[in-house]
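The values are calculated or read from the model by the stated rules, or taken from the named source; none is laboratory data. Bear in mind the structure is a predicted one, so any value in this text is a computation, not a measurement. Here the Cβ positions follow ideal geometry from the backbone for every residue, glycine too, while neighbour counts run over all protein chains shown. Please note that ligands, DNA and RNA were not included when accessible areas were found on the heavy atoms of the full protein model with its side chains. Shrake-Rupley method; radii C 1.70, N 1.55, O 1.52, S 1.80 Å.
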2 protein chains.
Amino acid sequence: MNFVISNTSFHKDSYLDDGNKFLIGNGYMGVRGTLDEYRKDKFPSVNLAGIYDKVSDSWREPLNAPNPFYTYIEVDTNKCFPSEETPFNHKQELNFRHGIFSRKTSWKNEKGLIHFKSERFVSMNNCHIYGCKFSAFSNYDCNLSIYTGIDKDVWDINGPHYTKISFKDIDNLVLCNAYAGNSHKTVIVTRKDFFLNEACEFNDGIKKFNLHLKAFEEVTLTYLGAIFTSNDSLNPEDEAINITCGFNENSYEIEKKKSIDVWEELWDICEVNIDGDEKANISMNYSLYHLNSIAPRHKDNLSIPARGLSGQVYKGAIFWDSEMFMLDYYLYTNPKVAKSLIEYRIESLPLAILKAKEYGHSGAFYPWESQEGGIEACTYYNVIDVFTKRPQRTYFRDKQYHISSAIVYGIMKYINHTLDYDILINGGAETIIECAKFYLSLLLKPFYKDKYEILDVVGPDEYHERVNNNAYTNKMAKYTFKSALECIEILKNYSPKLYENKKLNELIKDFTTAYEKIYIPCPDDNGIIEQFDGYFKLEDVSLDNLKSRLIDPREYWGGAYGIASQTKIIKQADVVTMLEIFHDEYDENILKNNFNYYETRTEHGSSLSACMHGLLACRFNEPNIAYPFFLKSAETEIKGKGKKWAGLIYIGGTHPAASGGAYKVLVQGFAGLYFKDGKPKIKPCLPENWNGLYFKFLYNNKKYQVSITKNHSKIEEIYHG
Amino acid sequence: MNFVISNTSFHKDSYLDDGNKFLIGNGYMGVRGTLDEYRKDKFPSVNLAGIYDKVSDSWREPLNAPNPFYTYIEVDTNKCFPSEETPFNHKQELNFRHGIFSRKTSWKNEKGLIHFKSERFVSMNNCHIYGCKFSAFSNYDCNLSIYTGIDKDVWDINGPHYTKISFKDIDNLVLCNAYAGNSHKTVIVTRKDFFLNEACEFNDGIKKFNLHLKAFEEVTLTYLGAIFTSNDSLNPEDEAINITCGFNENSYEIEKKKSIDVWEELWDICEVNIDGDEKANISMNYSLYHLNSIAPRHKDNLSIPARGLSGQVYKGAIFWDSEMFMLDYYLYTNPKVAKSLIEYRIESLPLAILKAKEYGHSGAFYPWESQEGGIEACTYYNVIDVFTKRPQRTYFRDKQYHISSAIVYGIMKYINHTLDYDILINGGAETIIECAKFYLSLLLKPFYKDKYEILDVVGPDEYHERVNNNAYTNKMAKYTFKSALECIEILKNYSPKLYENKKLNELIKDFTTAYEKIYIPCPDDNGIIEQFDGYFKLEDVSLDNLKSRLIDPREYWGGAYGIASQTKIIKQADVVTMLEIFHDEYDENILKNNFNYYETRTEHGSSLSACMHGLLACRFNEPNIAYPFFLKSAETEIKGKGKKWAGLIYIGGTHPAASGGAYKVLVQGFAGLYFKDGKPKIKPCLPENWNGLYFKFLYNNKKYQVSITKNHSKIEEIYHG
């Protein structure tokens, strides 16, 4: 398979999309695939995982480091800027097998041609290290100036964050100390340049080299550096300097090689092979590249923001995306990362308990948008009205109760997949029980009924706020009660002492009552499950008709008065997600009827939507119906067509949940992988255009190879390393 | 006291306000105080009580009859229209002791002066009859044309309603048959003109008289007629003709005299006398004039629309205004009218039960905006957004649960005042019990609590929609449970058989539980009762600051994103109303603290707000604090300053609830009238600028006179007639 994607010509306005598409990352940092010459108006960023800052009343968001990949050249005092001087040739590409971004640009003038090329990587071997090599070349004698260094003018959505940025030049090593005074965070970026003894001017992080370049003589420069923050170390300056001092003129190739080697190891387990559908094959593996680029490996309690490390969108916050869409991929290919995602939530439990209290609930109410340690980043005003420019009160933060069940779902999945029960003792059980207590406190028994209801919620379909008895939410609450009971049972066997200490008898009684009496909407006469009380009474309008009602294309469809709010049009899979998760409790016809009913009424306005449809279609054995939904998810990153706006808020970036979702369709849907009695099993149903499907996965510390062809399929354990 | 209000000059743009201010009515019809010459662009109307029609998707609203008061003159072929030709003199006045509207206008031209005057009444003696006398006069010889007749071009808000209008001329009697085809309603207007044998042309309801008018010779015409609808009779044409045929040239004065006599009877009981404050005295009596003009006397099951009979605003619907604000006045002065208001609700019970079912509740959920028989007129989209022109989903219809408690409050008040327990057997008890069942079905018991809550409601303060545990709503629900229990107890004694039949034991148990366990918010450490869960956390902003945030002056302040919605600013008395109703359960300090806290945060955007503040201030013995609130209510009609717009919806008209509320402040607040052990008592607290207060009232079939002076106060029973 070809692991390279490229642009073969220059498009002035594609920098926003290209930033995501050509992104390189290593879980510690994400470097947007913008060009060396680009400054903040083109949204370059070195987005850092898990470090946040807040400026006055703006949204709290992750820090972008000062950009150490800044370079441009001047030839005979003419600036060579692709965005200003249209290039004669331009090519940029990403080798997504090895995480290397490169570009080559040439400009033509009356004297001849000038070429500039560069490549860069962030190390998968040591997440703090980055490197770049660039060169210039001309077919005529010219005066070349190279400007290169650390650009302190950082692109921020809700910045500027750095209240002080200073530079030091230590033995040819440039150190940038950027201080975010509001949160007392420090970001250190070092950089060491290797360029044969040319003198240079140094100014505010940028070096200027002047040289006379002879025709056909190429001049090459490499630089490497390190990034550390005050989150990593008490003395990030020393850490960065120590690493950087050790670099010499060979280091670039050495570090690059080390990084490539780690990438190769990753691909060994995660590469998938779809025989007969190269488009899907490339898109899928490219999506996995993104999942690998943002997976936290350097810390054991980090999770992944909804837009990965592609920028500050959505406040760099962790959503249910992590547990419900991404977790499986890491469980199957890198359980240590999966564990990190789970540990992150366990560590967030105290704040989740505080949040529940804040709203008068018991137990643990997880943040809808979670920053480090479980800080709730979601505001009450998450949308700006396009007509009045006023912030609009939204209920994501205080009513999207299903978030806590996602944490439970993640932990249970982790345990069931890894059989690592230690995590239960180390906070996992407590987390699950607190989540169950949270749902208990949401239960309401109407005077005339012997059922418990959950009212006033926002389900996965966020266009319908403040609804009652959302099927998904109620079912997940029920699942949470069951999980808590299971988890107590496990504790009983696994750690009787802990079980004793917890005095859980009263809770067992309550969870059992709640499990038995919570109201779960049943399929109606047509086999359709009502998404929430009253949904069936809403206006039944086609998606096209609805769209025609838009006055402004950036209007938010949801909220109290959005065009979708009083109609049956939903944002994303809701009942469909519920049925996918609990598919073995429902008849295949119910799955199919609900798929058909809801799919035509779904905007798929979230990148989380298509994959759930793809999965569900596989559950009722229709891989060809599933296929376009799979492809849509798998191609989300490569096509970069995701929604860019919610009201006046920019929401673009990468979509790791869609990638994780596509992987789920592939592995759980088309291959039909499931686990029973401690063993993996498959029940393949390939799309008709596929000849075969091959992938590896881990389960309970064992490694397996799945091979599916039209006629034959098998799972084999792989015994060697 | 002077019972005349007037305009002594002409204002081209005052027709909308004047229509309300100079309105005449008799409970069957309300005739807006517009000039004889005015056609539908100036909003004349003969608004009919209790007869409704709906045109396509527009709002269902009451019918306006074709206008039989249409007249204009032409002098030497020049039209004399005050709105086009500025009058030399103009005066219009309302004698509100007798319900007579009159006007006098003169125009000046190069030849001399032309005078036109008219007076009109609608009969308080026979509600179908109307009459008018007009005359013209000039100080020079001229050719006069008089155009006079029935204007079929009716002003409608959501019309046109008449699909067919035809005229017949029967022996000098003009009959207009207007047919509203959508609802198959017929409105008949007859008119007989008395004008000494002048020949005329007749065209489409309008007669044209041509005559040569000598200088200083006055020409006078009287006309009388009748209005009947298909709601009144199977044969409204015959009814109208029968009456009208009987009229002769003396009839105008005779019918006018009969009407005046009935007015005098009304004033005998209802006139109030405020000694030392003529402004308040006139305003109050003028307000009572309005209450008398719209009181249903011709039918025993009608209630009063929120805008009286001043037009089609608010769909001519009945709100909680009737029971909570107007009822007392009629109980005290005309219990038959009070009974009609109550009977109207009892008759509406079946539809209220259906409405409760529609929303999955039990019992009786009364309409927020009630048309005949209890048809719910309130739409889900009661506001038009000023920015997008889109209808805005509002929750008045489906969440303003407190409406049913108002019905209970009304019935209990009626029984306690009249001791007419028959009404209980004739549907009253059933109504109360069904309302209590309704509140039972709203009760929700949270898993962790031993209390019942009512969630997701709209309280009296409509700016905050979908709130939980609104103090007013919960308290009124509790009151309803108590009333149901009391009413069952009365039945037990009063009609043991009926009691047996009803098998009420189970209900007694449930109502008792509910009464004991419903959650009622308590005063906090500062003595303040939180209006609803979370109110204290809202932004505390001044009214002026809030107003400065308006982008468009017509913006709706409430709804999901209105400027008030996320702040503590409320539309109208909410906790204050609750405390006024239940003032004897709270310490005076609590009453005062809450008054002070909420009053500064109240827009008083509803005409229902001021009177409740006035009443409450009297409850903590501060008549001087109460006074401006009393005056505001009492002057609502005479000043005509009420709110005219909610979003893009016109909401102007008369405000009988404000008038009724002012009366309550006067009688229950300043006079401190209350009833104990079957006897009326007073506990006066007059504003310092008043010397005395005198009024009569009825209680339990007895008539009393209250006389309060600075030094002395007494109640005496009046034994004659």
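Taking B:Tyr359 in one copy and the same position in all the others, each labelled 7 Å out along Cα→Cβ, what are the pairwise distances from the first, in nm, shortest first?
Here B:Tyr359 shows inter-copy label distances of 2.4 nm.
Whose amide H sits under 5 Å from the amide H of A:Arg39, counting only residues 5 or more places off or on another chain, with H placed in the peptide plane?
none
Compute, for A:Tyr28, the solvent-accessible surface of its heavy atoms (probe 1.4 Å) with the complete set of protein chains present, and express it in square angstrom to the nearest 10.
10
Specify, per residue and in Å³, the volume enclosed by the convex hull of the alpha carbon atoms belonging to the stretch A:182-315. Write out the running numbers ahead of the final one.
On the way: hull volume 28.6 nm³, N = 134.
Each residue corresponds to 214 Å³ of Cα convex hull volume.
Expressed in whole Å with the largest first, what are the equivalent ellipsoid semi-axes of the stretch A:426-494 derived from the C-alpha gyration tensor as the square root of 5 times each eigenvalue?
26, 15, 9
Taking amide H atoms as placed 1.01 Å from N in the peptide plane, list the residues 5 or more away in sequence, or in a different chain, whose amide H sits under 5 Å from that of B:Lys185.
Result for B:Lys185 returns B:Ala180.
Using the Karplus equation 6.51 cos²θ - 1.76 cosθ + 1.60 (θ = phi - 60°), what ³J(HN,Hα) coupling, rounded to whole Hz, does each residue of the stretch A:180-192 give in order, writing x for Gly and Pro?
Karplus-based 3J(HN,Hα) across the stretch A:180-192 equals 8, x, 5, 10, 6, 9, 10, 10, 10, 10, 10, 7, 10 Hz.
If you scale each eigenvalue of the Cα gyration tensor by 5 and take the root, what three semi-axes come out for the stretch A:549-639, rounded to whole angstrom and sorted largest first?
Details: eigenvalues 127, 56, 18 Å².
The three semi-axes for the stretch A:549-639 are 25, 17, 9 Å.
For the stretch B:208-294, which GluC sites (Glu not before Pro) are both in a DSSP coil and crowded by at most 16 other Cβ atoms within 10 Å?
Hits after loop and neighbour filter: B:Glu217, B:Glu218, B:Glu249.
Between copies, how close do the A:Gly112 label points come, placed 7 Å along Cα→Cβ, listed in nm from shortest?
Copy-to-copy label distances at A:Gly112, shortest first: 11.1 nm.
Please express the shape of the stretch A:567-721 as an equivalent ellipsoid: the semi-axes are the square roots of 5 times the eigenvalues of the C-alpha gyration tensor, given largest first in whole angstrom.
Largest first, the stretch A:567-721 gives 29, 19, 14 Å.
So how far apart, in nm, are the two label points at A:Asp587 and B:Tyr359 if each is 7 Å from Cα heading toward Cβ?
If labels sit at A:Asp587 and B:Tyr359, their model points lie 3.5 nm apart.
How high is the relative contact order of chain B, given as a whole-number percent (alpha carbon pairs under 8 Å, six or more residues apart)?
Relative CO of chain B lands at 11 percent.
Enter the accessible area of A:Lys111 (Å², nearest 10), with the probe set to 1.4 Å and all protein chains included.
120
DSSP loop chymotrypsin sites (Phe, Trp or Tyr not before Pro) in the stretch A:215-308 with at most 15 other Cβ atoms within 10 Å of their Cβ, which ones?
A:Phe216
How big is the dipole moment of the protein assembly as shown about its Cα centre under a simple scheme where the beta carbon of each Lys and Arg is +1, that of each Asp and Glu is -1, and everything else is neutral? Debye, nearest 20, please.
760
Between the DSSP loop rule and a limit of at most 14 other Cβ atoms within 10 Å, which trypsin sites (Lys or Arg not before Pro) in the stretch B:525-570 are left?
Those satisfying the criteria are B:Arg549, B:Arg554.
Given +1 on the Cβ of Lys and Arg, -1 on the Cβ of Asp and Glu, and no further charges, what dipole in debye does chain A carry about its Cα centre, rounded to the nearest 20?
Details: 84 positive and 95 negative charges, 113 e Å.
My answer is approximately 540 debye.
Taking Rh as the Kirkwood radius computed over C-alpha pairs, what is the Stokes-Einstein D of the stretch B:326-416 at 25 °C in a medium of viscosity 0.890 mPa s, expressed in µm² per second?
Taking Rh from Cα pairs, D becomes 171 µm²/s.
Quick one: if the Förster radius is 41 Å, what FRET efficiency do B:Ser135 and B:Lys299 give, using the C-beta to C-beta distance and rounding to 0.05?
0.70
Based on the mean of other Cβ atoms within 10 Å per residue, sort peptides B:310-318, A:417-425 so the most packed one is first.
In decreasing order of mean packing, B:310-318, A:417-425 become B:310-318, A:417-425.
May I ask you to evaluate 6.51 cos²θ - 1.76 cosθ + 1.60, the Karplus curve with θ = phi - 60°, for each residue of the stretch B:223-238 and list the ³J(HN,Hα) values in order in whole Hz, giving x for glycine and proline?
9, 9, x, 9, 10, 9, 10, 5, 6, 8, 7, 6, 10, x, 4, 4
Select from B:Gly363, B:Tyr414, B:Ala377 the residue farthest towards the positive end of the dipole of the stretch B:350-437; place +1 on Cβ of Lys and Arg, -1 on Cβ of Asp and Glu, and compute about the Cα centre.
The one lying farthest along the dipole's positive direction is B:Ala377.
Note down the net charge around A:Cys200, summing +1 for each Lys or Arg and -1 for each Asp or Glu among other residues with Cβ under 11 Å from its Cβ.
-2
Where does helix A:349-358 land angle-wise versus the long Cα axis of chain A, in degrees 0 to 90, nearest 10?
The two axes meet at around 60 degrees.
Using a 10 Å cut-off on Cβ atoms, rank the peptides A:353-365, B:63-75 from the highest mean neighbour count down.
B:63-75, A:353-365
Quick one: net charge around B:Ile551, please, counting Lys, Arg +1 and Asp, Glu -1 for every other residue with C-beta under 14 Å from its C-beta.
That works out to +1.
Report the Stokes-Einstein translational diffusion coefficient (µm² s⁻¹, integer) for the stretch B:8-125, Rh taken as the Kirkwood radius over Cα pairs, at 25 °C with viscosity 0.890 mPa s.
Values: Rh = 15.5 Å.
It diffuses with D of about 159 µm²/s by this estimate.
With respect to the cross-link table entries A:Lys537/B:Lys399; B:Lys437/B:Lys509; A:Lys399/A:Lys571; A:Lys357/A:Lys437; B:Lys357/B:Lys449, which display a Cα-Cα separation exceeding 21 Å?
Among A:Lys537/B:Lys399; B:Lys437/B:Lys509; A:Lys399/A:Lys571; A:Lys357/A:Lys437; B:Lys357/B:Lys449, the Cα-Cα distance tops 21 Å for B:Lys357/B:Lys449.
Roughly how many debye, to the nearest 20, is the charge dipole of the stretch A:459-505 about its Cα centre, given +1 on each Lys and Arg Cβ, -1 on each Asp and Glu Cβ, and no other charges?
Using Cβ point charges on Lys, Arg, Asp and Glu, the stretch A:459-505 gives about 320 debye.
Relative to the longest principal Cα axis of chain B, at what angle does helix B:609-619 sit, 0 to 90 degrees, rounded to 10?
Once rounded, one gets 50 degrees.
Which value at 222 nm does chain A reach when only helices count, each DSSP H run of 4 or more adding -39,500 (n - 2.57), with the total divided by all residues and rounded to the nearest 500 deg cm²/dmol?
Result for chain A: -9500 deg cm²/dmol, rounded to the nearest 500.
Could you pull the accessible area for B:Glu580 with a 1.4 Å probe, rounded to 10 Å²?
Roll a 1.4 Å probe over it and B:Glu580 shows about 10 Å².
Between B:Lys449 and B:Phe387, what is the FRET efficiency for a Förster distance of 60 Å, r being their Cβ-Cβ separation, to the nearest 0.05?
0.90
What distance in nm lies between label points placed 7 Å from Cα along the C-beta direction at A:Asp268 and B:Asn158?
So the label points at A:Asp268 and B:Asn158 sit 7.4 nm apart.
Quick one: label points 7 angstrom along Cα→Cβ at B:Ile269, distances to the other copies in nm, smallest first?
9.1
Can you find, among A:Ile260, A:Val75, A:Ile51, the residue farthest towards the positive end of the dipole of chain A? Put +1 on the C-beta of Lys and Arg, -1 on that of Asp and Glu.
About the Cα centre, the residue reaching furthest to the positive side is A:Ile51.
Where does the charge balance sit around B:Ser58 when Lys and Arg score +1, Asp and Glu -1, over other residues with C-beta under 15 Å from its C-beta?
That works out to -2.
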